[in-house]
There are 2 protein chains.
Amino acid sequence: MPYLLIVSLTITRILVIVKMTINTGVMPSLPPGTTTVAVAVDLVMLTVRDGVFSVLLITRGLPPYRGRWALPGGFVVDGEDLLAAAVRELQEETGVATPGGHLEQLGTYGSPRRDPRGRVISVAYLALLPETPVPAAGSDAMDARWTPVDKVLADRSLLAFDHHQIVAEGVERARSKLEYSPLAAAFCPPAFTIAELRRVYETVWGTPLDARNFHRKVTNTEGFVEPTGDTTTRDGGRPAQLYKRGPTNLLHPAMLRPDV
Amino acid sequence: MPYLLIVSLTITRILVIVKMTINTGVMPSLPPGTTTVAVAVDLVMLTVRDGVFSVLLITRGLPPYRGRWALPGGFVVDGEDLLAAAVRELQEETGVATPGGHLEQLGTYGSPRRDPRGRVISVAYLALLPETPVPAAGSDAMDARWTPVDKVLADRSLLAFDHHQIVAEGVERARSKLEYSPLAAAFCPPAFTIAELRRVYETVWGTPLDARNFHRKVTNTEGFVEPTGDTTTRDGGRPAQLYKRGPTNLLHPAMLRPDV
DNA sequence: GGAATAGTGTCTCTAAGACATTATTCT
DNA sequence: AGAATAATGTCTTAGAGACACTATTCC
């Protein structure tokens, strides 16, 4: 983490405030009449469960769209960082503190009429998670359930608000990330076999892959995976080497999707 | 554009409001006490000018950071869509309506203390533009100037707010996009030669490329460029074919950066 | 003719894809 | 032994990179 940078920026900002206060006799403030809006953070949590690519949905317990499926999320509270809000929502839904998964910002959705209650912009985060125990229902959620991605994408009016579009963009981002980054491992437990990693690719992309070529590509791509030294027979047959994620953030060469 | 989708979602939302109003006797509204924040849109406008990869900066005419370099941007006004606000800022700075360039959302920056005036979150947009006449100074900008990207990246305290980080992420996004998308053409005039396209790659990546191999790769990649039928001698020597952007949004095969 | 730039061809090597074969466990 | 899965090897072909060569303009 760029800790020194954060410290120096913070000091810079404090100095700016002090200087302005001295110069003008008042604290700097936003121009009067500046429009303000509520900010929500919504999560696209993806996982591979029982061989199915799934997204976590809740049924809304409050209006608007009461009883409809939606993405888990909530409003950013006073003084809270956006990423911190996403982590908080993630923990509320899964009960786990980023359990070896991956969390990144997906995009911001701010169409003026996307929420009937008023102007709300939503910062969406994408989470890639290993298989997780069935989630607990949150405070404002009547129910929380892992739902097949294909089912969600097939019905444009299944989800509340513009959440269908958010899910679609999150799924496409995830599919694309598997090509150029080692993030498929984020869907796996800390130690995994090459076959388990391959099934992640096959499930997320919806395409069968050649097990022999896949094995060669993964083990020949520098920094993708590292052997732990252990083996397992949990898949039956000959014992398989266990691997953990390697140090690389970018795959060279990439794992390209067939055809497309 | 998914026009029908927009229409159907709009109708859905109106029905939700009407239904809720009938059911409860009041318009749906946000929970009392919900924190609201100001929303700014900032632009990372990139271009290749005189062989230099450059970003448009303004000097701030108002506090905070008065006189400091910053990204062009401004607050989202009442009822305005985020993308519309970005287009408006782009036009205010260049005087042109998305002139063959490219505009996409880059990310949202919402650290609680990033603006000394109060809670402001900034939605950053990335614009890739062809060589543009020197910009006019905007209303709240004392000056606007194309600045070499390398110079901006080298000095972490050159820019106001967290704009250094935003520029860094925008530049990296642009460099990466050249690999997998035909967006290098967004830096070129409507009709361009292969050599001009190559100079874009060389300038943005900061790496010399082999002209012969580059020519073969670009012309062999399906849908990347299409000949217009015209030729030009504006670069001297043998006349060069002119090309325009092709229909593809994803390059197959990709134009990978050397080494990395 | 000479300089400058455009465009094609050739060679080598890496990596992808198709598919055979061997290895090691469990029942 | 037979089933099941893991891991390695072989062959063909596409594409990247290095570099020689030809083509067409202007001076």
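The values are calculated or read from the model by the stated rules, or taken from the named source; none is laboratory data. Every value quoted in this text rests on a predicted model; they were computed, and no experiment measured them. No Cβ is skipped: glycine too gets one built from the backbone with ideal geometry, and neighbour counts run over all protein chains shown.
Tabulated values for the structure
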read-out	value
Hits in region A:226-249 - residues which are in contact with a Gly (Cβ under 9 Å, 6 or more places away or on another chain) and either within 9 Å of DNA strand D (Cβ to nearest atom) or modelled with pLDDT under 95 (or both)	A:241, A:242
Single unsatisfied condition, residue B:159 versus (1) modelled with pLDDT of 95 or more; (2) surrounded by fewer than 21 Cβ atoms within 10 Å (Cβ to Cβ); (3) of a type in the set (A, V, I, L, M)	(2)
Residue A:206 surrounded by fewer than 13 Cβ atoms within 10 Å (Cβ to Cβ), away from DNA strand C (no atom under 15 Å from the Cβ) and away from chain B (no Cβ under 14 Å)	yes
Tally, over region B:75-90, of residues that are in contact (Cβ under 8 Å) with a residue 12 or more places away in the chain, within 13 Å of chain A (Cβ to nearest Cβ) and under 15 Å from the mean Cα position of the chain (by Cα)	4
Test: residue in region A:157-166 that is within 15 Å of DNA strand C (Cβ to nearest atom) and either among the charged types (D, E, K, R) or away from every other protein chain (no Cβ under 14 Å) (or both)	no
Meets criteria (within 12 Å of DNA strand C (Cβ to nearest atom), out of contact with any Ser or Thr (no Cβ under 6 Å at 6 or more places or on another chain) and more than 20 Å from residue A:72 (Cα to Cα)) for residue A:212	yes
Residue B:225 being among the aliphatic types (A, V, I, L, M), within 14 Å of DNA strand C (Cβ to nearest atom), within 23 Å of residue B:106 (Cα to Cα) and surrounded by 17 or more Cβ atoms within 10 Å (Cβ to Cβ)	no
Neighbours by Cβ (under 9 Å, 6+ apart or cross-chain): first from region B:213-238, closer than 19 Å to residue B:186 by Cα and part of a strand (DSSP E or B); second away from DNA strand D (no atom under 11 Å from the Cβ) and among the basic types (Lys, Arg)	B:225/B:244; B:225/B:245; B:226/B:244; B:226/B:245; B:227/B:244; B:228/B:244
Conditions (1) more than 16 Å from DNA strand C (Cβ to nearest atom); (2) surrounded by fewer than 20 Cβ atoms within 10 Å (Cβ to Cβ); (3) aliphatic (A, V, I, L, M); (4) at pLDDT 95 or above: number failed by residue A:142	(4)
Enumeration of residues in region B:160-193 that are of a type in the set (Asp, Glu) and in a helix (DSSP H, G or I)	B:169, B:172, B:179
Residue identified as away from DNA strand D (no atom under 12 Å from the Cβ), under 21 Å from residue B:53 (Cα atoms), within 25 Å of the chain's Cα centre (by Cα) and not basic (Lys, Arg) among B:206, B:223	B:206
Residue in region A:229-244 that is away from DNA strand C (no atom under 16 Å from the Cβ) and not charged (D, E, K, R) present	yes
Scope region A:62-95; condition part of a loop (DSSP other than H, G, I, E, B) and within 11 Å of residue A:125 (Cβ to Cβ); matching residues	A:71, A:72
